[in-house]
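Participant: Below you will find the structure I want to go over with you.
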Amino acid sequence: MKKRLVVGISGGSGIPLATELLSQLQKIEEIETHLVYTRGAEITAAQESELSMGEICALADVVYDNKDIGAAIASGTYKTVGMVVVPCSMKTVAGIHSGYTDNLLLRAADVTLKERRKLILVARECPFNTIHLRNLYELSQMGVEILPPMLTYYNHPQAVADCTRHIVGKILDRFDVEGEDFRRWNGCL
Ligand SMILES: Cc1cc2nc3c(=O)[nH]c(=O)nc-3n(C[C@H](O)[C@H](O)[C@H](O)COP(=O)(O)O)c2cc1C
């Protein structure tokens, strides 16, 4: 059976991170992507992505309606290898932090936590306020991995696409998948 990975897209800036992740995972035979996205993601995608929401959905294996709180990924009995929320807005961080699961993305994240599965939040805001930092800190204490899309320079990015691929490589690393053009630090380049 393929490994199911839940991908949540919320309304933080960074939709190209989600589309790059989904398109790289599309080429990984053993992983099946299960996509759920918020209304905020749709609005942000219209600003940030050349792809329509339909084209983004076409990159995933299974797509859920965020209002469908009875979908498969809403149950802990539905086996997955974990979930990544990319980008993860501060509203969605707050929802996960408080266990306020009023949409399917939040419910799926809550289930991932309760089943002690891997939960990665590509948390995006700049600067963070104290509420954001407190929520992220406390989620980290619960075992959630906080992976903000921070810039790196040691890999000598030439374009935004290089930065995007580097962050996606870091996300994929959490699931033991080698990202495309992922430049690791080996002591020197
Ligand atoms: C273009 C755009 C960029 C945004 N970037 C961020 C961001 O980086 N971080 C954030 O927390 N919210 C950001 N927002 C605001 C969220 O989309 C908004 O708070 C929304 O209610 C989040 O809801 P959701 O988490 O259910 O998607 C952005 C909104 C727009 C339109």
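Please treat every number below as a calculation from the coordinates, not as lab data. Remember, it's a predicted structure, so these values are computed and weren't measured experimentally. Here the Cβ positions follow ideal geometry from the backbone for every residue, glycine too, while neighbour counts run over all protein chains shown.
Participant: Which one of Tyr78, Pro149, Ala58 has its Cα pushed farthest toward the positive end of the charge dipole of the chain, where Lys and Arg give +1 and Asp and Glu give -1 at the Cβ?
Facilitator: The listed residue farthest towards the positive side: Tyr78.
Participant: To continue, here is another question. Could you list which residues have their amide H under 5 Å from that of Lys118, counting only those 5 or more apart in sequence or on another chain, with H placed in the peptide plane?
Facilitator: Answer set, sorted by chain and number: Met83.
Participant: Which entries in the list Lys27/Lys67; Lys67/Lys170; Lys2/Lys114; Lys27/Lys91; Lys67/Lys91; Lys3/Lys91 go over 26 Å, if you measure between the two C-alpha atoms of each?
Facilitator: Lys27/Lys67; Lys67/Lys170; Lys27/Lys91; Lys3/Lys91
Participant: Next up: Which shape class applies to region 1-116: rounded if a/c is under 1.5, otherwise prolate when a/b exceeds b/c and oblate if not, where a ≥ b ≥ c are the square roots of the Cα gyration tensor eigenvalues? List each step's numbers first, then the result.
Facilitator: On the way: a/c = 1.78, a/b = 1.10, b/c = 1.62.
It comes out oblate by the Cα gyration axes.
Participant: Same structure, new question: Averaged over every viewing direction, what's the projected area of the C-alpha convex hull for region 115-189? Give it in nm², one decimal, please.
Facilitator: The orientation-averaged projected area of the Cα hull of region 115-189 comes to 6.3 nm².
Participant: Using the Cβ atoms and a cut-off under 13 Å, what net charge is assigned to the surroundings of Gly169, where Lys and Arg are +1 and Asp and Glu are -1?
Facilitator: Working: positive: Arg165, Lys170, Arg174, Arg183, Arg184; negative: Glu20, Asp162, Asp173, Asp176, Glu178, Glu180, Asp181.
Result for the neighbourhood of Gly169: -2.
Participant: Please state the charge dipole magnitude for region 36-189, taken about the Cα centre, from unit charges on C-beta atoms (+1 on K and R, -1 on D and E), reported in debye and rounded to the nearest 20. Before the final figure, lay out the partial values.
Facilitator: On the way: 16 positive and 19 negative charges, 110 e Å.
Dipole about the Cα centre, nearest 20: 520 debye.
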